[in-house]
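Here is the structure we will look at, set down as structure tokens.
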Amino acid sequence: MIIGCNACLCNVKSAFARLVLAMIMSHLDYCNSALAQAGLPQSTLEPLQKVQSCAACLIFNLRHHNHISPCLIKLHWLPVRAQVQYKLCTLMHSVHNNRCPTYISDAVQFIKTASMRGGIHLGESKDYILLQLRTKFTERAFSYVGPAAWNRLPESIR
């Protein structure tokens, strides 16, 4: 039996964590950016969350019945639904600072640039207009979920 030092064990865990990040989490990140729509049903996000939880279990050598939240915190991983919201807010930050392609910025409308509604001046708001939509399905479009995510952020973060 070979007994290794703790530093070697740390290096093996670190290498394994990097392998999991490269092979699993990069695909999960790509997948949730392709699905970066808020309002998705839980049944759509649940498989992605399971993949993330299994990846954390692999890194920490845990069983599936163990509580995974402390591991996600140690790894600095957001839950999948929070990752989607983060990506939406990041994209809206790019829109807000004119650092995105025009086809994205044309999909949303800043309240300050909108015409006056009902003769009331809207002031110095940093919000975006939420479109009135007819169906629940169209609420998944970026033109709706992007401004909705941005408007929910506290003023200090925007």
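Only the coordinates and a few stated rules stand behind these numbers; no lab work does. As the structure is a prediction and not an experimental result, all values here were calculated from the model. Using ideal geometry, Cβ is built from the backbone for each residue, glycine included, and neighbour counts are taken over all protein chains shown.
Counting Lys +1, Arg +1, Asp -1, Glu -1, what net charge surrounds residue 149 among other residues with beta carbon under 14 Å of its beta carbon?
On the way: positive: 81, 87, 126, 140, 152, 158; negative: 127, 139.
Net charge in that neighbourhood comes out at +4.
Local charge sum around residue 87 (other residues, Cβ-Cβ under 13 Å, Lys/Arg +1, Asp/Glu -1)? Don't skip to the answer; put the middle values down first.
Values: positive: 81; negative: 29.
Cβ neighbours under 13 Å give a net charge of 0.
Please list 3J(HN,Hα) in residue order for the stretch 84-101, calculated via the Karplus relation 6.51 cos²θ - 1.76 cosθ + 1.60 where θ = phi - 60°; whole Hz, with x for glycine and proline.
Couplings: 4, 4, 4, 5, 4, 5, 5, 5, 5, 5, 5, 5, 4, 9, 6, 10, 9, x Hz.
Starting at the first residue of the stretch 69-78, write each ³J(HN,Hα) from the Karplus equation 6.51 cos²θ - 1.76 cosθ + 1.60 with θ = phi - 60°, in whole Hz, x for Gly and Pro.
With the stated coefficients, the stretch 69-78 comes to 4, x, 5, 4, 5, 4, 7, 6, 9, 7 Hz.
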